[in-house]
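These notes are about the structure you will find just below.
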Ligand SMILES: C[S@@+](CC[C@H](N)C(=O)[O-])C[C@H]1O[C@@H](n2cnc3c(N)ncnc32)[C@H](O)[C@@H]1O
């Protein structure tokens, strides 16, 4: 990981390709990325996190990433890992929702990473489809049931986009449990596993 992943003090990069997460978040993800057979990312932007998932997951893992636009990724002129399928689709379209549901139901252990344009909505929509032992993560997350400031642990300049209070009902109804919760939360990621 050392040579491929770098940081500019705020964001990280893989082989020079921007990832919209701090290095400490990537270090957390490295502990679990090899556990999954399927990884679905909502919102791939330049494709940096997608490339990270593909490079560091097991060989048999399929990585499927959705974004409503593809211009930022195309501009990079980057040779992406062949495990990746990029889909330029609105994740909330009927087609995408049915497709994502079907991928989850027909795959083994899945990680669903919500990092698109409406993260509460992504979590609340897609968490209904999870199977036992699947994991859902959501970026720009703040647990507002705790009396702590957002982003107190990392050098992050963006406001939270997903609050625990906005996803609590889905967590309860879908029998989701906190998963390696503290290290992820400290890196602005909400992390839950379906029991
Ligand atoms: C924060 S960026 C993703 C960063 C990326 N995951 C990374 O770590 O480098 C959010 C992305 O969500 C995409 N997005 C916004 N609304 C969307 C939608 N309805 N469906 C799919 N993607 C969407 C945006 O185009 C943008 O590229």
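All of the numbers you see were taken from the coordinates with simple rules; none came from a lab. Since we're looking at a predicted model, the values are computed, not measured. Reconstructed Cβ throughout: ideal geometry from the backbone, glycine too, with neighbour counts over all protein chains shown.
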Exercise. If you check 147, 81, 106, which single one turns out to be within 18 Å of residue 26 (Cα to Cα) and either within 15 Å of the ligand (Cβ to nearest atom) or surrounded by fewer than 14 Cβ atoms within 10 Å (Cβ to Cβ) (or both)?
Worked result: 81
Problem set entry | Every residue from segment 57-70 that is in contact with a strand residue (DSSP E or B) (Cβ under 9 Å, 6 or more places away or on another chain) and either under 10 Å from residue 83 (Cα atoms) or more than 14 Å from the ligand (Cβ to nearest atom) (or both) | 57, 61, 62, 63, 64
For this session: Filter segment 35-52 down to the residues that are within 15 Å of residue 138 (Cα to Cα), crowded, with 24+ Cβ neighbours inside 10 Å and in contact (Cβ under 8 Å) with a residue 40 or more places away in the chain, then identify the one that is nearest to the ligand (Cβ to nearest atom).
Result: 49
Problem set entry | Segments classed as helices (runs of 4 or more DSSP H), wholly inside segment 65-180, with at least 2 members that are within 18 Å of residue 38 (Cα to Cα) and free of Cβ contacts under 8 Å to residues at least 12 places away in the same chain | 94-105
Exercise. With respect to residue 28, is the statement that it is assigned to a loop (DSSP other than H, G, I, E, B) and crowded, with 19+ Cβ neighbours inside 10 Å true?
Worked result: no
